[in-house]
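The block underneath contains the structure these notes are about, expressed in structure tokens.
The values are calculated or read from the model by the stated rules, or taken from the named source; none is laboratory data. No experiment lies behind these values; they were computed from the predicted model shown. Cβ: placed from backbone, ideal geometry, glycine included. Neighbour counts: every protein chain shown.
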Amino acid sequence: MPATRTRICRYATGAGSAVGLIDASETPRPVAAGTVAEALAAALAGGLETTAPAAAGRLLAPIDAQEVWGAGVTYVRSRDARIAEAGGSARDHYAEVYDADRAELFFKATPHRVAGPGATIALRADSRATVPEPELALWLDADLRLLGAGLANDLTARDIEAENPLYVPQAKIWDGSCALGPWVVACGELAALGEVELTLAIRRDGRTVFSGRVGLDALRRDPAELIALLGRDSTFPHGAILLTGTGIVPPEDVNLQPGDDVHITGTGLGELHNRVAG
């Protein structure tokens, strides 16, 4: 794995936002690309151009106009948690989909619903049990070719999902229900899955109320399989960002509260920190 990875970001400027390359000092440098996807493609082709270091700018979610999709029940921990939370025949659904040929895929967010690093995330007003889900996210171009990877938080109102599997869209989609960042690593420089570990910490009033970690070698579905399933009979003119599922699920007595700090890290992928609004 290269010692220095090509890390593409979006950052705030006085005129709005720009796409940049994160340098060794964690400072974004402007690049000759209008979108994150264009910068990743240029990096993969070896033609990414940078200019002088930019003035410090707040990092934003590294998303352009892509749809954000998610995959579910891709780890044993996620399968077991969904089974425990669900009732009746829904338990069988979650048990079966883990081993089924067809993975669970769901629409997650449009760009305006996505929070960037350091921004606030939100709880649904009609949920009493929302949890963060740390995930590896894949940036794909319009042909669903892999451009890069980064960190994601797939917030889930698990009480709504547990009430009825048909409520999954409401348990997954609302303003502030997804976070991405802090940057995207170009795919030619990604570590092998077995070398990547994700961690999650929920901090409340200065103390850690939950922490967990998982290696991506525990991922049940190969990312290439998930990408192929996503592309069946669907087109993505602006590309897509695909979240690959979570292997870290807080126990049922730990749910997010307003003011909580959520910290997600990934080997070589940085740290995604967000505070719960309220």
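Candidates 278, 247: the one that is under 14 Å from residue 204 (Cα atoms), assigned to a loop (DSSP other than H, G, I, E, B) and touching a residue at least 24 places away in the same chain (Cβ under 8 Å) is 278.
Of all residue pairs spaced 6 or more apart or on separate chains, those with beta-carbon atoms under 7 Å, a first member in region 91-113 that is over 25 Å from residue 236 (Cα atoms) and of a type in the set (Phe, Trp, Tyr) and a second member that is at pLDDT below 90 and in a helix (DSSP H, G or I) are 94/79; 94/82; 94/83; 98/79.
Among residues of region 129-154 being in a loop (DSSP other than H, G, I, E, B) and among the aliphatic types (A, V, I, L, M), the one that is surrounded by the fewest Cβ atoms within 10 Å (Cβ to Cβ) is 142. Can you tell me which residue in region 207-229 is farthest from the chain's Cα centre (by Cα), limited to those that are surrounded by fewer than 14 Cβ atoms within 10 Å (Cβ to Cβ) and not in a helix (DSSP H, G or I)? Filtering region 207-229 for residues that are surrounded by fewer than 14 Cβ atoms within 10 Å (Cβ to Cβ) and not in a helix (DSSP H, G or I), the one farthest from the chain's Cα centre (by Cα) comes out as 207. Going by the conditions given, is residue 232 over 30 Å from residue 44 (Cβ atoms) and either in a helix (DSSP H, G or I) or at pLDDT 95 or above (or both)? No; evaluated as a whole, the condition is false for this residue.
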